[in-house]
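Below you will find the structure I want to go over with you.
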Amino acid sequence: MPTAVGFIGLGNMGNPMAVNVQKHGFPMTVFDKNAKVVQNLAQSGAKAASSVQEVVERSEVVFTSLPGSPEVEEVYLAGGGLVEIAKPGNVLVDLSSVLPVTPRRIEPRARARGVHYLEAPVSGGVTGARAATLAIMVGGDASVLERVRPILRAIGPNIYHVGPVGGGNTVKAINNMMSCVNSLAMMEGMALGVKAGLDLKMLHEVIKDSSGNSNALAKATRNLIPRNFEPGFKVQLMNKDLETFTAIAKELHVPVSFANVAQRYQQAALAAGLGEQDTSVVYTLIERLAAIAQPR
């Protein structure tokens, strides 16, 4: 009998992840405060729950995908939250990107009730969530990870056990800081090339075959050239993850500088009202600073 799976939080990331779990034949119960985002899953056979309580009652393993630490702590730790209502032996898996202190608060309280808990932040954005190619950074008990590994494989092939809870979100913050810095370096380089009269497509082709190539370069053809800034990973979420990275760095007394520069760009995008757009929209701010005429 397939494991009964619950999924709470069906936004830009949660919905495609839940879709892929459902495609692998796991019985699904889903819930989101916004009932509209549940409709596609319900039409494919999932049970649309009316509450978190209903999800828990119908599930052995419950996944959550939520915006940040405040939302995760409310869903897990508030009165009537997941830790309180989960049955002993249930597994709770949080896919959200949060401060490491959040899973460290949740895990001992879950364990005291005989409930298993894993943090499992993911990397790959909406594109990876849709394609089921996410990387998953799991903190918690390795034996519990093995229990849910078949479900996690439905959302991504690269599943890493990184150690105790807190480690997963630390790795995620490091990864996103490096991704953001790489992307900004790429965008500054591209803007300089355009200002110098070079063709953006040509620049992409040359750098793709040269030492400046990186995963960030794919944004040139995916976002910059077609002027497509629909969210794959939102500015506001990257700003949150950079805030997490710098908070960890302060706690551990590690000097950092590139993260601070990267966050200033994200802050500028937020101030310009671009928080709901893809992080690549920062390119439009660089164009303005460089006095580059923006395509209409």
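Quick test for you: out of A48, A18, pick the one residue that is open to solvent by less than 10 Å² (accessible area, probe 1.4 Å), at negative phi and not acidic (D, E).
Working: A48 fails: open to solvent by less than 10 Å² (accessible area, probe 1.4 Å).
Result of the check over A48, A18: A18.
Residues being in contact with a Lys or Arg (Cβ under 9 Å, 6 or more places away or on another chain) and outside any loop (DSSP other than H, G, I, E, B): count how many of those fall in the range 56-68.
4
Any idea which of V261, V254 is of a type in the set (A, V, I, L, M) and not in a loop (DSSP other than H, G, I, E, B)?
On the way: V254 fails: not in a loop (DSSP other than H, G, I, E, B).
Only one candidate qualifies: V261.
Output yes when any residue across the range 51-63 is within 22 Å of A142 (Cα to Cα), polar (S, T, N, Q) and touching a Leu at 6+ places or on another chain (Cβ under 9 Å), and no when none is.
no
When residues of the range 223-255 are filtered for being modelled with pLDDT under 95, basic (K, R) and open to solvent by 60 Å² or more (accessible area, probe 1.4 Å), how many remain?
0
Please find, among E107, E119, E54, E60, the residue that is of a type outside the set (S, T, N, Q), in contact with a Phe, Trp or Tyr (Cβ under 8 Å, 6 or more places away or on another chain) and over 18 Å from D32 (Cβ atoms).
E107
The values are calculated or read from the model by the stated rules, or taken from the named source; none is laboratory data. From a predicted model like this one, the values you see are computed outputs, not experimental measurements. Don't worry about glycine lacking a Cβ; one is built from the backbone with ideal geometry, like all the others, and counts go over all protein chains shown. Note: accessible area is taken over every heavy atom of the protein model, side chains too, but ligands, DNA and RNA are not part of it. Shrake-Rupley method; radii C 1.70, N 1.55, O 1.52, S 1.80 Å.
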